[in-house]
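Shown next, in structure tokens, is the structure this report addresses.
What follows is calculated from the coordinates using simple rules that are stated; it is not laboratory data. Keep in mind it's a predicted model, so treat the numbers as computed, not measured. Counting neighbours? That spans all protein chains shown, and the Cβs are built from the backbone with ideal geometry, glycine included.
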Amino acid sequence: MVAVDDMNQRILKLLKMDGKMTYREIASKLRRSPSTVRDRIRRMEDYGVILGYATIVNNEQMGVHADAIVFANLSEGITTKELRKLQEVEGVMEVLMVSGTKRVIIRIHATDNRALDSIINNEIIPLGLEEVDVRIVLESLMRFPGV
């Protein structure tokens, strides 16, 4: 296991702000050598602290004009393992199991509301969801990679 000490925390903070930063740029900000930064980043990658790098995409430029969050419960007899089929549904960006009255949260992107409705009714609900509550996202105030 790699130590996530203060220096590694600072490296991670910089990479979260800009995953394209070079070793040299990070080293300059932290007043360390590029080789030290490189070695620390490689160790964090090797030990699974850094899982990967992502690009934040402007969804509207990509034709995505409808965004929703679906809250639901699993029908009796449906397991969370069966929910893994959602990764094959185009537009499903994230699936979370949570506490509370609605145990499943699904984030969906679609070209428009009609496509969104089709994804929910024809592909998601048939997998065994009930008590479905759909919320249309009006505005995204913060964007994270991949979502």
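The angle between the Cα long axis of helix 6-17 and the longest principal axis of the Cα atoms of the chain comes to about 50 degrees, rounded to the nearest 10.
If you filter segment 105-145 for GluC sites (Glu not before Pro), then keep DSSP loop positions with at most 11 other Cβ within 10 Å, what is left?
Of the GluC sites (Glu not before Pro), the ones in loops of segment 105-145 whose Cβ has at most 11 other Cβ atoms within 10 Å are Glu139.
Basic side chains Lys and Arg get +1 at the Cβ, acidic Asp and Glu get -1 at the Cβ, and with that the dipole of the chain about its Cα centre reaches some 1100 debye.
Restricted to Cα atoms, segment 60-136 shows a radius of gyration and a Dmax of 12.0, 41 angstrom. Which of rounded, prolate or oblate describes segment 6-46 when judged by the alpha-carbon gyration tensor and an a/c cut-off of 1.5? The shape class here is rounded.
Placing +1 on the Cβ of every Lys and Arg and -1 on the Cβ of every Asp and Glu, with no other charges, gives segment 1-44 a dipole of roughly 100 debye about its Cα centre. What the phi angles of segment 117-123 give under the Karplus curve with 6.51, -1.76 and 1.60, with θ = phi - 60°, is a coupling list of 4, 5, 4, 5, 7, 9, 10 Hz, glycine and proline written as x. Where the alpha-carbon atoms of the chain are placed on the principal axes, they occupy 55, 36, 24 Å, in descending order.
Candidate cross-link partners of Lys20 among the lysines, defined by an alpha-carbon separation under 30 Å and a same-chain spacing of 8 or more, comprise Lys29.
Computed from Cα positions, the angle between helix 34-46 and the longest principal axis of the chain comes to roughly 40 degrees. If only the Cβ of Lys and Arg carry +1 and only the Cβ of Asp and Glu carry -1, the dipole of segment 60-136 around its Cα centre is close to 240 debye.
For Lys85, list the aspartates and glutamates whose Cα falls under 15 Å from its own Cα; do not include residues on the same chain fewer than 8 positions away. Cα-Cα hits under 15 Å: Glu94, Glu123.
Each Lys or Arg adds one and each Asp or Glu takes one away; over the other residues whose Cβ falls under 12 Å from the Cβ of Ile105, this sums to +2.
Projecting the Cα atoms of Phe71, Tyr23, Ala115 onto the charge dipole of the chain (Cβ charges, centred on the Cα centre) puts Tyr23 farthest toward the positive pole.
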